[in-house]
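Colleague: Next up is a structure, given as structure tokens.
The values are calculated or read from the model by the stated rules, or taken from the named source; none is laboratory data. As the structure is a prediction and not an experimental result, all values here were calculated from the model. Virtual Cβ from ideal backbone geometry, glycine too; neighbours counted across all protein chains shown. Surface areas here come from the heavy atoms of the whole protein model, side chains and all, with no ligands, DNA or RNA. Shrake-Rupley method; radii C 1.70, N 1.55, O 1.52, S 1.80 Å.
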Amino acid sequence: MKKLTWMFAAAVAALTSSPSAAQTVKIGVITSYSGFLAQLGDQMDKGFSLYAKLHEKDLPPGVKIEILKRDDASDKPDVGKRQAQELITREHVNILTGLVSSPVTAAVAPLTAEAKVPLVVMNAAGTTLTRLSPYMVRVSFTLWHPSYPLGRWAAQQGWKTGASAVADYIPGHDAEQGFMRGFKEGGGVTLRTVRMPPAQQDFSPFLQRINDDKPDFIFTFVPASKFAVAFVKTWSDLGLKNGGIKLIATQDLLPDDELQNMGDLPLGVVTGGTYSGAATRPANVEFRAAWAKEYGDKSIPNYIGVGGWDGMAAIFDLIKKTKGRFDADQAMAALKGWKHESPRGPIMIDPETRDVIENVYIRRTEKIDGKLANVEFETIPMVKDPYKELNPEK
């Protein structure tokens, strides 16, 4: 361990001695290519790879990119940290990006502070992550972004009692706390909170406890993909749906790529999120067309695919602005206040928190042309992370 620390320190000294002069910008990607988050990692990869392919021609003359991909094995902080160390010290990457998992991001962030390597987070939604390194920006969202407004919306419906069932790790905790704060401020009462293992697929014992309480609704966060399908099915099979216990959730429960695998069970379910594939915004129409052309009509992008797309857009704009020559401080100067017309709508990086500012949509699952879709029916425009607004850094 001492030897590794010495090697890392030596590499850091070399990296921070002068701005990068390389005309090949090396981009280190850490994401989940294996393990229970692999489906989400694949979405991210497709998103950033597509943006790079379509826009490489827009780079400054003489500047090229090299993307080095590493697997964090899904929510394994020690693996992600090791991959980041290798990308920084051996590969001498100019910038890091990717990151599905919040625990992995929490392990990687201090390295970016020590080595002064900029990091663009494409997904990981733990709200306090950007406070772990001054060289990190996030283009995706925090779980407070949709959860807090959704809690307030639930209270406005006249619902008095609710229950919460979330995955027991950083994103689940943030989603639970944000939703409960918003619901309580609106006058609602949370009867029960349940936390479930992140890779859990048998939700029966958890939902049965909630069924016994008979709340007006259940709020949930589970990782997108097969876990979402299993949760919706269990909610229906145990009789909560027919018993009048409504289901509301963050967008993770009903990702666009899994929606058609749920039958009609999600019809009427309300979710809070930052992206819907059904949106007719011009940027989204163009994005969906490019995705289908590259990956086929059966491949459907979700919000993580959009995060990959937007993250690479931020990196490309940084490269163009600096002509491929930047150090960490120059990168942050360029990225703070960055604005972009995303498939999800307008986004920008808050110069103070280095977190994203974006629209939050309240969506209802409906059928359009015989297919399920998350239809946006209410927009809360340009939301800053509610947690940071309520808990400013001292």
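Colleague: Starting from segment 243-265, take each residue that is in contact (Cβ under 8 Å) with a residue 24 or more places away in the chain and list its partners that are assigned to a helix (DSSP H, G or I) and among the hydroxyl-bearing types (Ser, Thr, Tyr), counting only C-beta distances under 7 angstrom and pairs at least six apart or across chains.
Modeller: Note: pairs meeting the criteria are Thr250/Ser147; Gln251/Tyr303; Pro255/Tyr303; Leu265/Ser236.
Colleague: Check Ala124, Ala106 and return the single one that is out of contact with any strand residue (DSSP E or B) (no Cβ under 8 Å at 6 or more places or on another chain) and among the small types (Gly, Ala, Ser).
Modeller: Of Ala124, Ala106, the one residue that is out of contact with any strand residue (DSSP E or B) (no Cβ under 8 Å at 6 or more places or on another chain) and among the small types (Gly, Ala, Ser) is Ala106.
Colleague: Criterion first (assigned to a loop (DSSP other than H, G, I, E, B) and out of contact with any Gly (no Cβ under 6 Å at 6 or more places or on another chain)) does Gln201 satisfy it?
Modeller: Criteria met by Gln201.
Colleague: Residues in segment 352-365 that are open to solvent by 50 Å² or more (accessible area, probe 1.4 Å) and in contact with a Phe, Trp or Tyr (Cβ under 9 Å, 6 or more places away or on another chain): how many?
Modeller: 1
Colleague: Does Pro343 fit the bill of being of a type outside the set (S, T, N, Q), closer than 25 Å to Pro149 by Cβ and modelled with pLDDT under 95?
Modeller: No, not satisfied.
Colleague: Give segment 236-251 a look and list any residue that's open to solvent by 10 Å² or more (accessible area, probe 1.4 Å) and either assigned to a helix (DSSP H, G or I) or touching a Pro at 6+ places or on another chain (Cβ under 7 Å) (or both), or say none.
Modeller: First, the residues of segment 236-251 that are open to solvent by 10 Å² or more (accessible area, probe 1.4 Å): 236-239, 241-244, 246.
Once the filter is applied, which keeps residues that are open to solvent by 10 Å² or more (accessible area, probe 1.4 Å) and either assigned to a helix (DSSP H, G or I) or touching a Pro at 6+ places or on another chain (Cβ under 7 Å) (or both), segment 236-251 yields Ser236, Asp237.
Colleague: Kindly check whether there is at least one residue in segment 317-335 that is among the basic types (Lys, Arg), within 30 Å of Ala155 (Cα to Cα), at pLDDT 95 or above and open to solvent by 40 Å² or more (accessible area, probe 1.4 Å).
Modeller: There is no residue in segment 317-335 that is among the basic types (Lys, Arg), within 30 Å of Ala155 (Cα to Cα), at pLDDT 95 or above and open to solvent by 40 Å² or more (accessible area, probe 1.4 Å).
Colleague: Can you find even one residue in segment 101-121 that is out of contact with any helix residue (DSSP H, G or I) (no Cβ under 9 Å at 6 or more places or on another chain) and without any contact (Cβ under 8 Å) to a residue 60 or more places away in the chain?
Modeller: Within segment 101-121, none of the residues are out of contact with any helix residue (DSSP H, G or I) (no Cβ under 9 Å at 6 or more places or on another chain) and without any contact (Cβ under 8 Å) to a residue 60 or more places away in the chain.
Colleague: A follow-up question, please. Within the set of pairs 6 or more residues apart or between chains, which connect a residue that is without any contact (Cβ under 8 Å) to a residue 40 or more places away in the chain inside segment 142-155 to a residue that is of a type in the set (Asp, Glu) and open to solvent by 10 Å² or more (accessible area, probe 1.4 Å) with Cβ atoms less than 7 Å apart?
Modeller: Pairs found: Arg152/Glu185.
Colleague: Moving on to the next point. Among the candidates Ser102, Ser34, single out the residue that is at pLDDT below 95, of a type in the set (S, T, N, Q) and farther than 17 Å from Pro301 by Cα.
Modeller: Exactly one of Ser102, Ser34 is at pLDDT below 95, of a type in the set (S, T, N, Q) and farther than 17 Å from Pro301 by Cα, namely Ser102.
Colleague: If Gly172 satisfies every condition in (1) closer than 22 Å to Val360 by Cβ; (2) of a type outside the set (Asp, Glu); (3) assigned to a loop (DSSP other than H, G, I, E, B) but one, which is the exception?
Modeller: (3)
Colleague: Would you pick out the residues in segment 366-389 that are closer than 22 Å to Thr127 by Cβ and surrounded by fewer than 12 Cβ atoms within 10 Å (Cβ to Cβ)? Show your work before the answer.
Modeller: Of the residues in segment 366-389, the ones closer than 22 Å to Thr127 by Cβ are 379-389.
Once the filter is applied, which keeps residues that are closer than 22 Å to Thr127 by Cβ and surrounded by fewer than 12 Cβ atoms within 10 Å (Cβ to Cβ), segment 366-389 yields only Pro381.
Colleague: So, in segment 135-171, how many residues would count as being under 25 Å from Leu111 (Cα atoms) and at pLDDT 95 or above?
Modeller: Qualifying residue count, segment 135-171: 9.
Colleague: Mind listing whichever residues of segment 189-229 are of a type outside the set (Val, Ile, Thr), touching a Lys or Arg at 6+ places or on another chain (Cβ under 8 Å) and open to solvent by 10 Å² or more (accessible area, probe 1.4 Å)?
Modeller: Applying the first criterion (of a type outside the set (Val, Ile, Thr)) to segment 189-229 yields 191-192, 195-209, 211-217, 219, 221, 223-228.
This time we only want the ones that are touching a Lys or Arg at 6+ places or on another chain (Cβ under 8 Å), so: 192, 201, 209, 213, 215-217.
Within segment 189-229, Arg192, Gln201, Arg209, Asp213, Asp216 qualify.
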